[in-house]
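Before any comments, here is the structure.
The values are calculated or read from the model by the stated rules, or taken from the named source; none is laboratory data. Just so it is clear, the model here is predicted, and its values are computed rather than measured. Cβ placement follows ideal geometry from the backbone for every residue including glycine, while neighbour counts extend to all protein chains displayed. These area figures cover heavy atoms from the full protein model, side chains too; ligands, DNA and RNA do not enter into them. Shrake-Rupley method; radii C 1.70, N 1.55, O 1.52, S 1.80 Å.
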Amino acid sequence: MPILHNMPTSDLQALDAAHHLHPFTHNADLAGKGARVITRARGVMLTDSDGNELLDGMAGLWCCNIGYGRDELARAAHEQMLELPYYNTFFQTTHPPAIALARRIAELAPGDLKHVFFSTGGSDANDTNIRLVRHYWALKGKPEKTVFISRHNAYHGSTVGAASLGGMAAMHAQGGIPIPDIEYIGQPAWWAEGGGMSPEAFGLMRARELEAKIAEIGEGRVAAFIAEPVQGAGGVIVPPESYWPEIQRICDEHEILLIADEVITGFGRTGNWFGAQTWNIRPDIMTIAKGLSSGYAPIGASVASEEVAGVIAEGGEFFHGYTYSAHPVSAAVALENLRILEDERIIARVAEDTGPYLAQKWATLAEHPLVGEAVISGMMASVALTPDKASRAAFAAGPGTAGLICRDFCFEEGLVMRHVGDRMIIAPPLVISRAEIDMLIERALAAFDRTESRLRAEGLMEAA
Ligand SMILES: *Cc1c(COP(=O)(O)O)cnc(C)c1O
C-alpha cells in the first residue's frame, strides 16, 4: 500500500511544510504555496497527488536514465535485501555486489580507469577526490601540490568539499566556503560571455585561462583540474569544440591530474557511456553517480587510473570511507541498471536515433522570438531566453525572472523543465521515444509563447 495513500493533497502539503526542510529551496515561500506531491511515475511520465500527468524533462535530477517503473530493478533490490541487505567493506571484507559492480565499471570506463572507490552520491565522491588526490601527491613526495583548479559556475555537489570545488557564487556566500586552496577560471559559456569573439576563439581563450592560472599559482602547487565535460546545473553549457582539446593539451604538458566530473554526463547522457568519450578527454579520475543506478538507489564512485590507484594502494592505509561505500542493495540495483542500458541498446539509440531526432527538433526552438540559442549534447539541452537575440542581451529585470515565469508555464503545460537563471534546460530519461520528444517540444513551445506574452504584458522584454 502506498504511504499516506488516502491523504488529500492539502494535508500532505501541510505536513510537508511542518516537518520537511527541502534542499535548494526557500522553505517559507514553498510552505506558503505548498509543494507539488509526486506520487508515481512510469516511463517518462510523472503523476502528482491530484492525478495530473507531467512529462519529466529532467529525468528526476538528471538521473533516471532508464525511465521509471522498471520491475527488474525492484526485483534486484528485493533479492539482495533478502540475501545480504548490508555489510561493510572496511574490515578486510567485501561482497559479491561490490566485486561485480567494480568490475563492470572498470570494463565500461575509458582508458585505464580501472579502480573504483564507492560513495553514496556525487558530492561525497568529489570529497573523496580531494582527499585521494592530495594523498596521492603527498605519497609522490610532492605534498605542496594541494591546489584544485575549477571553474566559475561549475557544480560538483553540496558537501563542504564538493561545494568548494563548485563555482556557484550563491553557495559560496553561505557557510564559510570555499575551503582553502581551490581556485577558479572562467567557464566556456560563449553565448553569455563570448562578446564579439567567435565560439572557437572564445573556447581556446577560456581553456588557456587554465595555463595562466597554473603559471600564477606555480605548477609545483597545483594538484588537479576538475570539470564537467558538459556543465549541467550551471545551465547545460555545451563548450565550443576548441575547448576540450586545449584543456587536454594543458593537462598533458603540466604535471596535474584531470578529474572529469561525469555525474551527469556518465551512463549515456551524451550518447556514449561517458562524456569523456564524446569529448575525447583522458581523465585520471572520473566522478560518477546519478545515472549509475538511474536514481533507483543512492550510489556514486570515484574511478581512478592505474597510476593513481597504484600509488594509493602502495601508500599504506588510506584513512577514508563511508559506512555505505558499495552498499550491496545499491550495487545490485546499479548492476541491473547497467545491464538494461546495455541489453536494450539504450545508449546506441540515443547516439543514432532519438538523440539526433531531439537535436533536430531542439534546433527549431531557436526560431522562437524569445530564444537566443538552443544547444544540445546527446540528451542534455538548453535554450537561452533573451529580450534581444541580435545582441544576446540579458533581461533588465535581472537573471531568473523570465526563467521562473517560463518554468511555471512549463509545469502548467505538463512539462518538467528547469530554469537556471534565464536558461531553460532539459535532460529527459534516455528511453524517451520520438512521440514523447514531439510532445516535449510542443509543450515547451506553448510555454515559450505564454512566457513571451506575459513578459510583453508586464513590460519585461527590456534588455539589460
Ligand atoms: C548532481 C551532481 C553532483 C552531486 O551529486 P549528489 O549525488 O547530489 O551528491 C556532483 N557533480 C555533478 C556534475 C552533479 O551534477
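Observations on the model:
- Label-point separation, E458 to D343 (7 Å along Cα→Cβ), nm: 4.9 nm
- Distance from the Cα centroid of region 71-99 to that of region 168-244 is 39 Å (rounded to whole angstrom).
- Here the Karplus curve 6.51 cos²θ - 1.76 cosθ + 1.60, taken at θ = phi - 60°, turns the phi angles of region 244-250 into couplings of 5, x, 6, 4, 4, 4, 5 Hz, with x standing for Gly and Pro.
- Per-residue 3J(HN,Hα) values for region 159-168, derived from phi via the Karplus relation 6.51 cos²θ - 1.76 cosθ + 1.60 with θ = phi - 60°, read 6, 4, x, 5, 5, 6, 4, x, x, 8 Hz in sequence order (x marks Gly and Pro).
- Residue ranges 173-180, 129-136, 198-205 sort as 129-136, 198-205, 173-180 when ordered by packing (mean number of other C-beta atoms within 10 Å per residue, highest first).
- Solvent-accessible ranking of M168, M197, largest area first, probe 1.4 Å: M197, M168
- Per residue, the accessible area of region 48-129 comes to 47 Å² when a 1.4 Å probe rolls over the protein heavy atoms.
- What a 1.4 Å probe finds exposed on the chain is 55% carbon and sulfur by accessible area, rounded to a whole percent.
- The value given for region 72-343 is a Kirkwood hydrodynamic radius of 19.0 Å, derived from the mean inverse Cα-Cα separation.
- Each Cα pair under 8 Å and six or more residues apart adds its separation to the average, and for the chain the resulting relative contact order is 19 percent.
- Calculated SAXS-style log₁₀ I(q)/I(0) at q = 0.08, 0.09, 0.12 Å⁻¹ - the chain, Debye, Cα scatterers: -0.48, -0.61, -1.11
- Share antiparallel - DSSP beta bridges, region 241-392, percent rounded to 5: 75 percent
- Burial ranking of peptide ranges 312-318, 360-366 (average Cβ count within 10 Å, highest at the top): 360-366, 312-318
- When the Cα positions of L338, H368, M81 are compared along the charge dipole of the chain, M81 comes out farthest toward the positive end, with charges on each C-beta of Lys, Arg, Asp and Glu.
- Fraction of antiparallel bridges per DSSP, the chain only, in percent to nearest 5: 65 percent
- Rounded to 5, percent antiparallel among DSSP beta bridges of region 72-343: 45 percent
- C-alpha center-to-center spacing [region 106-149, region 286-327] in angstrom: 8 Å
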